[in-house]
Amino acid sequence: MSSRTSPAAPRLRTITARSLREQRSSLVGWAGGLIVFCLVMLAVYPTIHGNANFGDLINAYPEPLRKIFQLEDYTTGAGYLRTEVFSFVAPLLLTLFAVLWGSDLVAGEEERRTVDVLLATPVSRRRVVIQKWLALLVGVTALGVLMELALGLLGPAFQLHVSWAALSAAVVGSWLFALAFGTLGLAVGAATGRRGLARGLATTLALASYLVATLSVLVSWLQPARNFSLWQHTMSVDPLGTGFHYWHLSIVALVTLAFLAWALWAYDRRDLAT
Amino acid sequence: MLQASVLHSESPPAQPVVQIDGVTKLYRGGGGVRALSLRIEPGEVFGFLGPNGAGKTTTIRLLLDLIRPSAGSIRIFGLDSRRDSVAIRRRVGYLPGDLALYERLSAREVLGHLAHLRGNVPWSEVTDLAEQLDLELQRPIRTLSRGNRQKVGIVAALMGRPELLVLDEPTSGLDPLIQRQVHDVLRAATSQGRSVFLSSHVLSEVAEVADRVGLIRAGELATVERVAELRQRAAHLIDVRYEHEPDRETLVRLPGVQRCVIEGHEAHLEVAGDLRGVVGAIAASDMTDLSVREPTLEELFLAFYDRVESH
């Protein structure tokens, strides 16, 4: 019967802090995976860099393929990153993380029924949603920063040189795309309490967004639809080559805030964990 | 009765802690509550008794604003259960029936987090409660037994000394030793004048702590009674074994005997009210064995409905 508790109260003051703490091992896993991905992509670069045969190889691809995968100046640092990292895998990796976690943040608490002890405390449902979204923001931002640092700091060791400004524009585009669909996952979860539905819907719409934007380069009837694609406003504008497009980014930011507003409204008016 | 009315005229009409008026909440798959009304007075321990699926948890989750009524109104401390939910929850401690906690955190982290969200909870209060319940705080929730999880939930409900405790089946599924620990802690909490809304499907638990009890079945409040009266009216079941075959007529004439079945040397009696007369008469006979048992919840309901029908 010795004293088994330390005198001070544990930290975890906010729902944000607690949600991050709960996901600690998952966050570490994602961070590790992301660094490995960046290293692998960088390690391949020296064999391609300055190899004239690759230029011939790319020119031999049909034009539609070159357009979809943005296969241009493959042998420069920025060109390589655009094609191999930011044309598909890196933004969608971040998005997958954001959707999986966003869908779980509100709906998971309900599916696991911990929402009862949480809302036994004097916190409003709106505060729950806001703090959950802040956790998503912190998580996605942390992975974005890590990606930027991994590529920017380790790149030169593999002869890959790219300006911080260009890299930042590409990372911010990926980050915002991921945040938008993570917020959608959170909102569907808040509106329905169903994690699977939130995950499925947000993933499907993210992929549709990617496909509409990239295929509209080739398919003329898709072109009117591409303005509704968030990929169009983040990645199709070629941030690596042309930098920040504030007008496009603010559209995506507004859509993200609209998803959040929907989450706040829907969560407040619903029966929870019935 | 006279005493009650005298008391009432002397004290000012206190605002009820909980006032439920004609609340309905039905689910598509069945279940829920229908036109439920009840009041809990300050300092009262109210037992909410009914079989599983009768609507106890629905009622409790309506109080906490986790679900909303489709008709009727709920006021707690005179405040609207929905509009003033945050202000109400500041003064309410809640133990969910289907308690779930953050599996990846330790008990200490969970309670620390909930204490922060509640605000103004000295950590020493949490550690004191944990010590009273013999609860190890350092261990992760996922390694805790059912009983220890329930203890974490009870500490969470009691922290901050809320004016109203809402407890959904607080000892269901716990072993008797832990049940006693929990009852002791709850008794200490109620002795400080707090109001308690306690649901249970076990009569003995409610009888042990409650002043009044509401019986709920199939979503409807069947009756609200004082525990003492309920117990008195409810029949006890007495099984007696005799050396010789007993005389039915003699037994039926004993005070309070409502039913009597003879099986060889055994008699099975259903006795309402005071048992002294019956037990005294049996003890004076040639009986060899005697057992008295409490009515089960179902038997209690039958006794209630029998009474309603006979009136």
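Key figures
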quantity	calculated
Neighbours by Cβ (under 9 Å, 6+ apart or cross-chain): first from segment B:112-126, more than 7 Å from every other protein chain (Cβ to nearest Cβ) and without any contact (Cβ under 8 Å) to a residue 60 or more places away in the chain; second among the small types (G, A, S) and assigned to a helix (DSSP H, G or I)	B:V121/B:A115; B:P122/B:A115; B:E125/B:A115; B:V126/B:G112; B:V126/B:A115; B:V126/B:A156
The one condition in (1) farther than 15 Å from A:V162 by Cβ; (2) crowded, with 18+ Cβ neighbours inside 10 Å that A:T83 fails to fulfil	(1)
Scope segment A:141-175; condition under 23 Å from A:Q131 (Cβ atoms) and in contact with a Gly (Cβ under 9 Å, 6 or more places away or on another chain); matching residues	A:W175
Residue within segment B:171-180 that is among the aliphatic types (A, V, I, L, M), assigned to a helix (DSSP H, G or I) and farther than 23 Å from A:V123 by Cα present	yes
Residue list for segment B:127-136, filter: out of contact with any Ser or Thr (no Cβ under 6 Å at 6 or more places or on another chain) and either in a helix (DSSP H, G or I) or more than 8 Å from chain A (Cβ to nearest Cβ) (or both)	B:D128, B:L129, B:A130, B:E131, B:Q132, B:L133, B:D134, B:L135
Pick from segment A:89-122, criterion touching a Gly at 6+ places or on another chain (Cβ under 8 Å) and β-branched (V, I, T), ranking: surrounded by the most Cβ atoms within 10 Å (Cβ to Cβ)	A:V106
From the options A:G139, A:G155, residue that is crowded, with 17+ Cβ neighbours inside 10 Å and modelled with pLDDT of 95 or more	A:G139
Filter result (surrounded by fewer than 16 Cβ atoms within 10 Å (Cβ to Cβ) and within 12 Å of A:P10 (Cα to Cα)) within segment B:111-123	B:P122
Some residue of segment B:100-110 being surrounded by fewer than 19 Cβ atoms within 10 Å (Cβ to Cβ) and more than 17 Å from A:E109 (Cβ to Cβ)	no
Any chance B:F46 is aromatic (F, W, Y), more than 8 Å from every other protein chain (Cβ to nearest Cβ), buried (at least 22 other Cβ atoms within 10 Å of the Cβ) and in contact (Cβ under 8 Å) with a residue 60 or more places away in the chain	yes
Qualifying position, being out of contact with any Ser or Thr (no Cβ under 9 Å at 6 or more places or on another chain), of a type in the set (A, V, I, L, M, F, W, C) and in contact (Cβ under 8 Å) with a residue 12 or more places away in the chain, among A:L184, A:L264, A:L249, A:L179	A:L264
Check on A:G108, at pLDDT below 95 and closer than 24 Å to A:G29 by Cβ	no
Close pairs (9 angstrom Cβ cut-off, 6 or more residues apart or separate chains): at positive phi in segment B:134-146, part of a loop (DSSP other than H, G, I, E, B) anywhere	B:D134/A:M1
B:Q150 in contact with a Leu (Cβ under 8 Å, 6 or more places away or on another chain) and more than 13 Å from chain A (Cβ to nearest Cβ)	no
The listed residue being modelled with pLDDT of 95 or more and more than 12 Å from the chain's Cα centre (by Cα), out of A:S168, A:S174	A:S168
Residue match in segment A:151-162 (condition: without any contact (Cβ under 8 Å) to a residue 12 or more places away in the chain, away from chain B (no Cβ under 14 Å) and either within 22 Å of A:H245 (Cα to Cα) or not acidic (D, E) (or both))	yes
Residue that is farthest from the other protein chains (Cβ to nearest Cβ), among those in segment B:52-67 that are modelled with pLDDT under 95 and out of contact with any strand residue (DSSP E or B) (no Cβ under 7 Å at 6 or more places or on another chain)	B:N52
Filter result for the condition that a residue is surrounded by 13 or more Cβ atoms within 10 Å (Cβ to Cβ) and without any contact (Cβ under 8 Å) to a residue 40 or more places away in the chain, over A:R24, A:R66	A:R66
Verdict on A:L197 being crowded, with 19+ Cβ neighbours inside 10 Å, away from every other protein chain (no Cβ under 14 Å) and part of a helix (DSSP H, G or I)	no
Residue ID - nearest to the other protein chains (Cβ to nearest Cβ), chosen from residues in segment B:26-43 that are on the phi < 0 side of the Ramachandran plot and more than 21 Å from the chain's Cα centre (by Cα)	B:Y27
Filtered residues of segment B:234-287 (kept if touching a Phe, Trp or Tyr at 6+ places or on another chain (Cβ under 8 Å) and part of a loop (DSSP other than H, G, I, E, B))	B:H265, B:S285, B:D286
Selected residue [over 14 Å from A:A120 (Cβ atoms), touching a helix residue (DSSP H, G or I) at 6+ places or on another chain (Cβ under 6 Å) and facing chain A (nearest Cβ under 7 Å)] from B:R108, B:R104	B:R104
Number of the exception - B:G193 against (1) more than 21 Å from B:D168 (Cβ to Cβ); (2) within 15 Å of the chain's Cα centre (by Cα)	(2)
Hits in segment B:235-254 (condition: among the charged types (D, E, K, R) and surrounded by 12 or more Cβ atoms within 10 Å (Cβ to Cβ))	B:D239, B:R241, B:E245, B:D247, B:R248
Some residue of segment A:49-58 being in a loop (DSSP other than H, G, I, E, B), surrounded by fewer than 14 Cβ atoms within 10 Å (Cβ to Cβ), on the phi < 0 side of the Ramachandran plot and at pLDDT below 95	yes
Yes/no for A:G243 being within 14 Å of chain B (Cβ to nearest Cβ), over 16 Å from the mean Cα position of the chain (by Cα) and touching a residue at least 60 places away in the same chain (Cβ under 8 Å)	no
Top-ranked residue of segment B:81-94 - restricted to ones that are in contact (Cβ under 8 Å) with a residue 60 or more places away in the chain and under 11 Å from B:L64 (Cβ atoms), ranked as nearest to the other protein chains (Cβ to nearest Cβ)	B:Y94
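The values are calculated or read from the model by the stated rules, or taken from the named source; none is laboratory data. Quick caveat, the model's predicted, so the values are computed rather than measured. We place every Cβ from the backbone using ideal geometry, glycine too, and count neighbours over all the protein chains shown.
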